[in-house]
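J.: Can you read through this structure? Questions will come right after.
The values are calculated or read from the model by the stated rules, or taken from the named source; none is laboratory data. Predicted model, so just to flag it, every value in this text is computed and none were measured. Cβ placement follows ideal geometry from the backbone for every residue including glycine, while neighbour counts extend to all protein chains displayed. Ligands, DNA and RNA are stripped out before the accessible areas are found, and what is left, the full protein with its side chains, is counted by its heavy atoms. Shrake-Rupley method; radii C 1.70, N 1.55, O 1.52, S 1.80 Å.
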Amino acid sequence: MNDQIFMSMAIEEAKKAKEIGEVPIGAVVVLNNEVISTAFNLREKEQRSIAHAEILAIDKACQALGTWRLENATLYVTLEPCPMCAGAIVLSRVKRVVYGATDPKGGCAGTLMNLLQDDRFNHQVEVVSGVEEETCGKMLSDFFKELRTRKKKNNSN
């Protein structure tokens, strides 16, 4: 039940991203059933390739807790983490990742590869996929459909 509640919060973060023209991805870091940080994509707004929701949420959580180790934390994210975010998750020792939609083009929590559970690393992460998958996936597909429609319209003018 808690996974749905915290994923709903991540979805609300994703909506904030969409409102400012960002890819709608949101993330929430939870420790002991308490929200430590929230974030959403800011890559376009800040023109920083690393401004993904997961990276921003992890960074805020580390600042809030005063440590780079998020050993008992759970990260909720609306889209399966990419290689960069998966690396940050492993390096920050997040215990568990719960994500909504799979990412067939960049997912590194089981779709293209599974960096989070690769036993060659010194830390592995518990992964739960598909929580609120339909809602998360629809939000992303609707966003990209709208983007393509706008581009077509602008190109025809």
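J.: Restricted to the range 46-56, and to residues that are assigned to a helix (DSSP H, G or I) and more than 11 Å from Val23 (Cβ to Cβ), which residue is most open to solvent (accessible area, probe 1.4 Å)?
T.: That would be Glu46.
J.: Something else: For the range 57-76, name all the residues that are touching a helix residue (DSSP H, G or I) at 6+ places or on another chain (Cβ under 7 Å) and either of a type in the set (Gly, Ala, Ser) or surrounded by 15 or more Cβ atoms within 10 Å (Cβ to Cβ) (or both).
T.: Residues satisfying the conditions are Ile58, Leu70, Ala73, Leu75, Tyr76.
Okay, residues lined up against (1) at pLDDT 95 or above; (2) under 18 Å from Pro81 (Cα atoms); (3) not hydrophobic (A, V, I, L, M, F, W, C):
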{"residue": "Met1", "(1), (2), (3)": "no, no, no"}
{"residue": "Met7", "(1), (2), (3)": "yes, yes, no"}
{"residue": "Lys16", "(1), (2), (3)": "yes, no, yes"}
{"residue": "Ile20", "(1), (2), (3)": "yes, no, no"}
{"residue": "His52", "(1), (2), (3)": "yes, yes, yes"}
{"residue": "Ala57", "(1), (2), (3)": "yes, yes, no"}
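J.: Select from the range 116-141 the residues that are of a type in the set (Asp, Glu) and either over 22 Å from Phe6 (Cα atoms) or in contact with a Ser or Thr (Cβ under 8 Å, 6 or more places away or on another chain) (or both) and list them in ascending order.
T.: Across the range 116-141, the qualifying residues are Asp118, Asp119, Glu132, Glu133.
J.: Are any residues in the range 18-44 more than 22 Å from Gln63 (Cα to Cα) and either open to solvent by 70 Å² or more (accessible area, probe 1.4 Å) or hydrophobic (A, V, I, L, M, F, W, C) (or both), and if so, which ones?
T.: Once the filter is applied, which keeps residues that are more than 22 Å from Gln63 (Cα to Cα) and either open to solvent by 70 Å² or more (accessible area, probe 1.4 Å) or hydrophobic (A, V, I, L, M, F, W, C) (or both), the range 18-44 yields Lys18, Glu19, Ile20, Val23, Glu44.
J.: Scan the range 24-50 residue by residue and report those that are of a type in the set (Lys, Arg) and touching a His at 6+ places or on another chain (Cβ under 7 Å).
T.: Residue satisfying the conditions is Arg43 alone.
J.: I would also like to ask the following. Would you be able to say whether some residue in the range 141-157 is buried (at least 22 other Cβ atoms within 10 Å of the Cβ) and not acidic (Asp, Glu)?
T.: Scanning the range 141-157, I find no residue that is buried (at least 22 other Cβ atoms within 10 Å of the Cβ) and not acidic (Asp, Glu), so the answer is no.
J.: Continuing with the same structure: Would you check which residues across the range 1-17 are over 19 Å from Phe144 (Cα atoms), in contact (Cβ under 8 Å) with a residue 24 or more places away in the chain and either of a type in the set (S, T, N, Q) or open to solvent by 10 Å² or more (accessible area, probe 1.4 Å) (or both) and list them?
T.: Asn2, Asp3, Gln4, Phe6, Ser8, Met9
J.: Another question, then. Is one or more of the residues making up the range 134-150 in contact with a Leu (Cβ under 8 Å, 6 or more places away or on another chain) and either at pLDDT 95 or above or of a type in the set (A, V, I, L, M) (or both)?
T.: Yes, some residue in the range 134-150 is in contact with a Leu (Cβ under 8 Å, 6 or more places away or on another chain) and either at pLDDT 95 or above or of a type in the set (A, V, I, L, M) (or both).
J.: Scan the range 100-135 for residues that are assigned to a strand (DSSP E or B), among the hydrophobic types (A, V, I, L, M, F, W, C) and more than 14 Å from Val90 (Cβ to Cβ) and jot them down.
T.: Selection gives Ala101, Val128.
J.: OK, next. Restricted to the range 92-109, and to residues that are open to solvent by 50 Å² or more (accessible area, probe 1.4 Å) and over 14 Å from the mean Cα position of the chain (by Cα), which residue is farthest from Ile5 (Cα to Cα)?
T.: Result: Lys105.
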